[in-house]
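Student: Following this message is one structure expressed as structure tokens.
The values are calculated or read from the model by the stated rules, or taken from the named source; none is laboratory data. None of these values were measured; they are calculated from a predicted model. Because the Cβ atoms are built from the backbone with ideal geometry, glycine has one as well, and the counts that use them run over all protein chains shown.
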Amino acid sequence: MVIINDKEGLRLVLAIFMYIASLALGVFFIYFLIKVLVLMQGKKEALEDIALQLRELRKQNQ
């Protein structure tokens, strides 16, 4: 473990750590957003398929 006595070095290390943490958080957020959008697209397609099947059933019943 590195012991830093001066405040500037500590600030630099903290700034670098915060920068890396914010980058990681940003990447995770983008990944999460894309995953949610893909999931919503899949649900939308599934709902459209169900609606199409219901229309076909109505036509058959008439």
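Student: Identify, from the list Lys44, Lys59, the residue that is part of a helix (DSSP H, G or I) and exposed (fewer than 10 other Cβ atoms within 10 Å of the Cβ).
Tutor: Answer to the check: Lys59.
Student: A further question follows. Could you list, ordered by first residue, the pairs with Cβ atoms under 7 Å in which the first is in region 1-28 and modelled with pLDDT under 90 and the second is part of a helix (DSSP H, G or I), at least 6 apart or interchain?
Tutor: Between residues of region 1-28 that are modelled with pLDDT under 90 and residues that are part of a helix (DSSP H, G or I), the close pairs are Ile4/Leu10; Ile4/Val13.
Student: In this structure, does Glu8 turn out to be assigned to a helix (DSSP H, G or I) and loosely packed, with under 10 Cβ neighbours inside 10 Å?
Tutor: Spelling it out, Glu8 is indeed assigned to a helix (DSSP H, G or I) and loosely packed, with under 10 Cβ neighbours inside 10 Å.
Student: Looking at Val36, is it of a type outside the set (S, T, N, Q), loosely packed, with under 10 Cβ neighbours inside 10 Å and modelled with pLDDT under 90?
Tutor: no
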